[in-house]
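The values are calculated or read from the model by the stated rules, or taken from the named source; none is laboratory data. Nothing here was measured: the structure is a model prediction, and the numbers come from that model. Counting neighbours? That spans all protein chains shown, and the Cβs are built from the backbone with ideal geometry, glycine included.
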Amino acid sequence: MTEVGAPWIFKRVQGRVQGPDAMRFITLSGVSWWEALYEDGRTVGEWDSILQDRRRIKVPRRDLARGSRWEEIDHKNLRGLRLIGPSGEVADVRAKRDHTLFQFKIGTVMLTQNDRGQRAMGQHRQAHVIGCIEDPPPLQDSKVGTCVCFAWEHEDSQGFRLDPPGRMVGPFVDSVLDFQFHKVGPLGLENLSLKL
Amino acid sequence: MADFGATGVTVQGNTGSQGTPTWTAINSGGTAGANEVRYSDTGTGLTATASASWPSQVRPATVQVVAFTYLFTTDTAGNGVPGGATPVTYSNANYNMFRLNWDASGTFASAPILTAYPTTGHTTPTRGDNSILGGNTTDTGATARSYLKANAYGNGASQAPAAAPTNAPTGTDGTTGALTPGAAAWLTNYQGLQGDNDYILCTATPAAATANWWQFEMALFTGPNLSPATYTPVLSMKYTWT
């Protein structure tokens, strides 16, 4: 959780990031995005994993965000993962070996029974989590699957929308075998390309 | 593949019979009376009734199941679940009731959760507040459970049950936190759907980018201590995606 000296796209300045035009689009998108760092210094932004008409999009666009493909990026030699909030706040985690970094979003699909217009129905994103499995467990009482995480919360775990809309949470310790944050439960290790 | 598309997750209700199901889908989210599941103690004359005109029900003297379940694809186009045009009284034996469907457009990062929230704000209900999801300590147990109960079958890999859950639902059914069915099994007892307090967690994380369904039964109870109101709880799938 230290400052990353590698060449991320965005430069961190006093806990926030400043960088190329992409940052402006992240702010406009209103949601958080991940950025991955490889051992050789290459970076892949979440927007780089999104295809539109078989072409990669060049900037973070909220309307296309749900099409990102974490599971399809190269997970070999992945050593850093960064979470960039629309406010410009940034958090990052570092890995010593492959298949220990992960990210996922938490949300709901409202299936039936109208709330009579209080709020738009359908899918809602509540939080975006990044993490790294601790390897080996650093403390005697640490268990296999222990991970250190950050999250960008759009809503808190009780469902209350945040004002200002969103906040960075962490670092916090959790477990990929029973993820307690927002009561997610066991993570799908295969789907997340994780190895204990 | 990441999040599901806008129509990637749907609920299907059986508008046929227990023996010969007809799975009718409603899209996620309801507007202006469409895509709703409704309940009534009346089994006739309601399949074309608009949501705003849905009849009220007098609280019974004892806790009991609301007899009829309806699935409305539009505001005035409904069917009994099961039974279609001729709604059938709720019975635990009619286990072909609902399915939660998802297409191949998304990838789960963990097992999906079936629960219900009082509003689309998905704040967790207050246990024992006498509301439909908060429950009442006399009607739905000393640790008040939701009046809305559900039971789910299997691991979300399109497993079809061959028999009903062992135990029919009761008003006090419910367990704090998650209940998880075994693979190819129903929960032993129904779970109250009470936001993030009490919910059903699927057995396993479904396969990536694979269409599947997860079957469940649902029963709404009412009782003498339920606060009179118009309730529009939101049945929800809480989930994670990559």
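Before moving on, here are some points about what is shown:
- Lone qualifier among B:Thr230, B:Thr210, B:Thr242, B:Thr203 - being under 21 Å from B:Thr69 (Cα atoms), within 11 Å of chain A (Cβ to nearest Cβ) and more than 17 Å from the chain's Cα centre (by Cα): B:Thr230
- Whether a residue is more than 16 Å from the chain's Cα centre (by Cα) and either closer than 28 Å to B:Thr44 by Cα or acidic (Asp, Glu) (or both) was assessed, and B:Thr140 does not pass this test.
- B:Gly171 being in contact with a strand residue (DSSP E or B) (Cβ under 6 Å, 6 or more places away or on another chain), in a loop (DSSP other than H, G, I, E, B), more than 24 Å from A:Met110 (Cβ to Cβ) and at pLDDT 95 or above: yes
- Sole exception among (1) at pLDDT 95 or above; (2) surrounded by fewer than 24 Cβ atoms within 10 Å (Cβ to Cβ); (3) charged (D, E, K, R) for B:Arg145, by number: (2)
Results for (1) touching a helix residue (DSSP H, G or I) at 6+ places or on another chain (Cβ under 8 Å); (2) crowded, with 18+ Cβ neighbours inside 10 Å; (3) farther than 20 Å from B:Ala219 by Cβ, shown as yes or no for each residue.
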| residue | (1), (2), (3) |
| --- | --- |
| B:Arg59 | no, no, no |
| B:Gly80 | no, yes, no |
| B:Asn96 | no, yes, no |
| B:Ser105 | no, yes, yes |
| B:Pro118 | no, yes, no |
| B:Gly121 | no, no, yes |
| B:Asn130 | no, yes, no |
| B:Asp139 | no, yes, no |
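- Output for segment B:151-193, where each listed residue is surrounded by fewer than 15 Cβ atoms within 10 Å (Cβ to Cβ) and of a type in the set (Ser, Thr, Tyr): B:Thr166, B:Thr176, B:Thr188
- For segment A:178-196, the set of residues classified as in contact (Cβ under 8 Å) with a residue 40 or more places away in the chain and of a type in the set (D, E, K, R) consists of A:Lys195 only.
- Hey, B:Leu114 in a strand (DSSP E or B), modelled with pLDDT of 95 or more, buried (at least 18 other Cβ atoms within 10 Å of the Cβ) and not charged (D, E, K, R) or not: yes
- When B:Ala184 is tested against the conditions (1) more than 14 Å from chain A (Cβ to nearest Cβ); (2) modelled with pLDDT of 95 or more; (3) closer than 27 Å to B:Phe4 by Cα, the lone failure is (2).
- Residues that are modelled with pLDDT under 95 and under 17 Å from A:Gln126 (Cβ atoms) number at least 1 in the following strands (runs of 3 or more DSSP E) confined to segment B:194-242: B:234-241.
- Of all the residues in segment B:16-53, those that are closer than 22 Å to A:Thr108 by Cα and at pLDDT 95 or above number 0.
- Annotation: of all residues in segment B:79-101 being small (Gly, Ala, Ser) and in a loop (DSSP other than H, G, I, E, B), the one that is nearest to B:Ala50 (Cα to Cα) is B:Ala85.
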